[in-house]
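See structure below.
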Amino acid sequence: MENLVQTAMQNVNFAAIMPSLVLACFGMVLLLINAFSRRGATAHVALISLVALLTSGYTAVMGWNNPQAGFAGHAVLDNYAIFFTIIFLIAAGLTILMSDSYLKREGYPVGEYYTLIVFSTVGAMLMASGTDLMTIFLGLEVLSVSLYVLAGFFRGQLRSNEAGLKYFLLGAFSTGFLLYGMALIYGVSGTTNLVDIGAFFAASPAAATNPVAIAGMLLMSTGFLFKIAIAPFHMWAPDVYEGSPTPITAFMSAGPKAAAFAALLRIFLVSLGSMEGTWSSMLWVLAVLTMITGNFLALNQDNLKRMLAYSSIAHAGYALVGLVAANEIGISGVLFYMLAYTFMNIGAFAVLVLVGKQGEENLTLQGFAGFGYKRPLLAVLMTICLFSLMGIPPSAGFSGKFFIFAGALDAGYVWLAILGVLNSAVSLYYYLRVMVFMYFKDPEEDFEWIQLKPGATICIVLSVIAVLYMGIVPSGVMSLARQALF
Amino acid sequence: MYDKLWLIPLFPFVGFLINGLLGKKIKNEKVIGAIGTLAIFSSFVVSCKYFLQLLEDSNKVHEVVVTSWMSVGQLQVDWGLLLDPLSALMIMNVTGLATLITFYSIGYMHGEEGYFRFFSYLNLFSFAMLMLVLGSNALVMFVGWEGVGLCSYLLIGYYYEKKSASDAGKKAFVVNRVGDFGFLLGLFLLFWSLGQKGVWTIRFTEIAANAHLLENGGLIVTIITLCFFLGATGKSAQIPLYTWLPDAMEGPTPVSALIHAATMVTAGVYMIARMNGLFAMAPDTMMVIAIVGGATALFAATIGLAQNDIKRVLAYSTVSQLGYMFLAMGVGAFTAGIFHLLTHAFFKACLFLGSGSVIHGMHHAYHHAHLDDDPQDMRNMGGLRKKMPITFYTFLFSTLAISGIPFFSAFFSKDEILWWSLSSTRGHWALWLMGALAALMTAFYMFRLVFMTFFGEQKTDARAKDHIPESPLVITLPLMILAALATFGGLMGVPHVLGQYIGHFPNAIENFLAPIFEHTQHLHHIEAHGAAATEFTFMGISVGIAVVGIGLAWLMYCKKPQLPGLIVAKFPALHRAIYNKWYIDEFYDAMVVNPTKKLGTTLWLIFDVRLVDGLVNGVAWVVKGSGRALRYTQTGYTHNYAMSMVAGVVAIIAIYVFN
């Protein structure tokens, strides 16, 4: 008996999941604190959540360049996992910062909200460090279930309910595809370990062209592409993003998307590298389709929340270009872009949180008329975020796109890069429209002065600093992204 | 030796930060103005130091890397600055004029709402313009390119309560998008096509050194340069993208002088000069540039004939003069183009600031008399030369310069362009003709402006006419400096054919810029050939043209008051005719002004309203329409979404598995 425990423990190595472990423990404590807190008092929960994220981030950063594997090859904490972990933590942290005032305004000051964000982050982290299909699936479910609840968090609001339910139904549906795909891959290769799958296909090239294996790969990627909202699996995104509480929309378009990318990249590059011909040609088409769909859907939106939501589809398309390229520049470009997008998108959403009025009102373009003169500094910050989303130098968004398209060019995907640049040009139209309203339209008569809330303001300022830093001196983050590749 | 080059853009940026962040608290106008002016003046001082240093230096090209920006594979992009004769001239131009104009604004913007905002934008603009000019690679230039655009929109829409102002800002914004798109696409294609040859670079020095790898005159180089040229037409207001510039005059006058005359709008010309090696490889593009430039020069001049708003005349004149610069670029007269860019900056800044001084005075008088007349309408002016002597003389000298009167600055630069357009290996007599006709009209409408504003009867409302003051020194000092430059600035480019008669006077600017342009001109056999006698003849013709233009203006707008008293006694029969001013006004109205006006209006209607606006709206409509169609796919029904997922999965699997 003792022997058995010892054998089991030898393989455990908690260091491989330390950041998620720390965060999960904090999550439990938060649940307890919630249970004993006065209703409506959430500031301390938010604060403790931030401490939790920082602690987890600290343990993650400490593991840099010191990869740890554990749980019999089910999880690792390599640079790659750490890089993504930091992205999730930043996304969660910025979201929490902007949430406090928002929850109070909308009348749902409930501590569980933060606990759920923390747990969804744990799930995302497991996805990034999972080296076994089962671990990745486990992470995905932890992440998704938390998000279903968060999307429908405003119980009294029909739109929020609808968002939660739709996300749940379609998410469950896509999970079916995912599991089926995993089962087929397991059926062909006889293992769920990513490295072993890769070794199996490398050893028997014939298996890589086996229809069952290809079907497995395709079904499995469908599950992840759904989470990233890649066309034609994107249709849930606009409705869910619109109905969810604004900070959750910001979070969903950054953190979980990055998590699905983390898993997808690892699976494709580690296990299914021998099928690259198949998946890269599929992703080529889907990337173009997604960029076009996202951008053209965003064109007509007068509501900024919807506009940002639609455009986030397009941004996932740009990132996919890097995966198609599948070279060092392209993949590290994807990592860079995920971080850049987290900052610029959450920054822009935080401005929406400040500008919005109770019941998600005032988010139309008209609400931004004359903003540049009434709140010049905030407008400048918003402008920088928008510039970054457009991809205008010197901003993080530009550097990210630059790396990704350069990767595509390097790999010989000239047309893909050109289509990407053209799509960026289309996106100028709707981002610039916001600026036209901010600077060239008269403010409405009953313009109300926006109250600057400390949390959201810190969130915006931090995001803008990061956006500029990653735009002006991107080499620092980029070299980290390079080191993060396996 | 040149490692502190980054100080030049840094100073105005610091000024922008101070005024932008603290301006609201400072409140004191003098302090805000002093900070703004001092910031740009400091960078002028540094520019002077480096300029003088470069004059002495035998090595004329210096690249300074501030910090690394991005490195991808073999491509290394730096935050790099490039100081060579071309950029050295430009930074002198930008910092010098920006200093004068910022100083001028202290007086001109007095009492305006958001005073600090104006100065912080002005400094931000200077920063961006210096980045554009100094950038050692195309991306840094693009950062500046976008930055100057942004400041331009903000400053055009400065009086945002005025609908026309914010509309004009919007128009500039939209039109420039088209141009910037061209720039980006050109850059992308250049990067890629050079990459195909194994050179991954966007640095200007390396582009120049490797341009020959591309096929000379080939399709790809033509497309690349056309894309860049599209970018230039947007920023520099050429056909077909010129329409925003006249509207941009809605901004405060110092902005018109600095951004929409002297610096930003010349960015397109500068960009072509910067990549002259690339453009010279595409003769087709060069021809397009020359034709567009010549046509714009001529076309804008015709419109200038019929305007009554003092700033609008100057605006069309700017478009027309920019046309000359492009004409020069197109025929390979790079030096002449840059030379004209500089002299134009002097005289046009002076003209705009002078018009600002006039408007300032008129505004003051109307304000005093509680009238609501238009202070920019020349029909309300006249006889101002006695009221505003300094403004008048400075304005007059600049007008003589723009008209091409010998030994004033633009005589040398414009004549050089006309000579090249005729005699260059890439020139053509038709190009010369367009330029010459435009010169005739320029002399005419500019003197028409001078006569209507400063000479003759004062037509201002009686209640206001005695309250027009000369502007204070803070406004007139920059005018005097600029007028001096407009008068003598041409001496830096005295052509050889003249220079040899006055003791081997060197063509300083040509010698100075030779390291940049000479190689290209040799390589592609671009030269102006012709006998000295021919050159003199054509010089004489251009002077003649200028004199005829001025004479016509004088005949029509000045002659009337003096002649009567003299002639009435001698020829009573003629009296009636003379009383009616020889009916020349009416005659010209019927024969020249009205048709031209009509033509101008018609052309304006066709080009401005129908074609360009229609095009802009049309693109937006197509794009929006397809967006709308796509939106119908978002039905909101979960089962539809699920169906689309299934369909997608089935399609993908069908393609790959059963392939």
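Quick notes
- Region B:179-189, residues that are open to solvent by less than 10 Å² (accessible area, probe 1.4 Å) and either within 10 Å of another protein chain (Cβ to nearest Cβ) or at pLDDT below 85 (or both): B:Gly179, B:Asp180
- Looking across region A:158-171, the residues that are more than 17 Å from A:Leu116 (Cβ to Cβ) and more than 10 Å from every other protein chain (Cβ to nearest Cβ) come down to A:Leu158, A:Arg159.
- Test: residue in region B:450-468 that is within 22 Å of the chain's Cα centre (by Cα) and either of a type outside the set (Asp, Glu) or modelled with pLDDT of 85 or more (or both): yes
- Selected residue (criterion: surrounded by the fewest Cβ atoms within 10 Å (Cβ to Cβ)) from residues of region A:389-402 that are more than 7 Å from chain B (Cβ to nearest Cβ) and touching a Phe, Trp or Tyr at 6+ places or on another chain (Cβ under 7 Å): A:Met390
- Residue satisfying condition, being over 25 Å from A:Leu50 (Cα atoms), of a type in the set (Ser, Thr, Tyr), touching a residue at least 40 places away in the same chain (Cβ under 8 Å) and crowded, with 24+ Cβ neighbours inside 10 Å, within set A:Thr121, A:Thr135, A:Thr131: A:Thr131
- Residue selection: B:Leu81 satisfies the criterion of being assigned to a strand (DSSP E or B), away from chain A (no Cβ under 14 Å) and surrounded by 20 or more Cβ atoms within 10 Å (Cβ to Cβ).
- Search result, residues across region A:403-435 that are open to solvent by 10 Å² or more (accessible area, probe 1.4 Å), more than 10 Å from chain B (Cβ to nearest Cβ) and either touching a His at 6+ places or on another chain (Cβ under 9 Å) or of a type in the set (Gly, Ala, Ser) (or both): A:Ala411, A:Gly412
- Looking across region A:198-216, just one residue is facing chain B (nearest Cβ under 9 Å) and either closer than 25 Å to B:His639 by Cα or in a loop (DSSP other than H, G, I, E, B) (or both), and that is A:Ala215.
- Looking only at region B:31-69, residues that are surrounded by 21 or more Cβ atoms within 10 Å (Cβ to Cβ) and farther than 24 Å from B:Ile101 by Cα come to 2 in all.
For (1) of a type in the set (A, V, I, L, M, F, W, C); (2) surrounded by fewer than 23 Cβ atoms within 10 Å (Cβ to Cβ); (3) facing chain A (nearest Cβ under 10 Å), each residue gets a yes or a no:
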site: B:Ser71; (1), (2), (3): no, yes, yes
site: B:Thr102; (1), (2), (3): no, no, no
site: B:Ser105; (1), (2), (3): no, no, no
site: B:Leu124; (1), (2), (3): yes, no, no
site: B:Gly135; (1), (2), (3): no, no, no
site: B:Leu150; (1), (2), (3): yes, yes, yes
site: B:Arg177; (1), (2), (3): no, yes, yes
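- Matching option when the condition is of a type in the set (A, V, I, L, M), surrounded by fewer than 22 Cβ atoms within 10 Å (Cβ to Cβ) and touching a residue at least 24 places away in the same chain (Cβ under 8 Å), among B:Met92, B:Met131: B:Met92
- In region A:287-300, the residue that is farthest from the chain's Cα centre (by Cα) out of those that are open to solvent by less than 10 Å² (accessible area, probe 1.4 Å) and within 12 Å of chain B (Cβ to nearest Cβ) is A:Leu299.
- If the condition is being in contact (Cβ under 8 Å) with a residue 12 or more places away in the chain and within 15 Å of A:Leu116 (Cβ to Cβ), then region A:32-46 contributes A:Ile33, A:Asn34, A:Thr42, A:Val45, A:Ala46.
- One residue stands out in region B:138-148 among those that are more than 9 Å from chain A (Cβ to nearest Cβ) and surrounded by 24 or more Cβ atoms within 10 Å (Cβ to Cβ): the one that is farthest from A:Phe402 (Cα to Cα), namely B:Val148.
- Against the list (1) closer than 26 Å to B:Ala290 by Cβ; (2) surrounded by fewer than 22 Cβ atoms within 10 Å (Cβ to Cβ); (3) within 14 Å of another protein chain (Cβ to nearest Cβ), the condition B:Trp192 fails is (1).
- Of the helices (runs of 4 or more DSSP H) lying entirely inside region A:228-299, those carrying at least 2 residues that are out of contact with any His (no Cβ under 8 Å at 6 or more places or on another chain) and basic (Lys, Arg) are A:246-266.
- Top-ranked residue in region A:445-459 [being away from chain B (no Cβ under 14 Å) and surrounded by fewer than 15 Cβ atoms within 10 Å (Cβ to Cβ); ranked as modelled with the lowest pLDDT]: A:Asp446
- Residue satisfying condition, being modelled with pLDDT of 85 or more, more than 10 Å from every other protein chain (Cβ to nearest Cβ) and open to solvent by 40 Å² or more (accessible area, probe 1.4 Å), within set B:Ile202, B:Ile220: B:Ile220
- Against the conditions (1) in a helix (DSSP H, G or I); (2) over 30 Å from B:Ile18 (Cα atoms); (3) within 13 Å of chain B (Cβ to nearest Cβ), A:Leu323 satisfies every one except (3).
- Restricting attention to region B:152-173, the residues being surrounded by fewer than 24 Cβ atoms within 10 Å (Cβ to Cβ), at the interface with chain A (Cβ under 8 Å from one of its Cβ atoms) and in contact (Cβ under 8 Å) with a residue 40 or more places away in the chain number 1.
- Count of region A:244-279 residues which are open to solvent by less than 10 Å² (accessible area, probe 1.4 Å) and within 14 Å of another protein chain (Cβ to nearest Cβ): 3
The values are calculated or read from the model by the stated rules, or taken from the named source; none is laboratory data. Predicted model only: the values in this text are computed from it and were never measured. Neighbour counts run over all protein chains shown; Cβ positions are idealised from the backbone, glycine included. Surface accessibility is based on the protein's heavy atoms, side chains included, excluding ligands, DNA and RNA. Shrake-Rupley method; radii C 1.70, N 1.55, O 1.52, S 1.80 Å.
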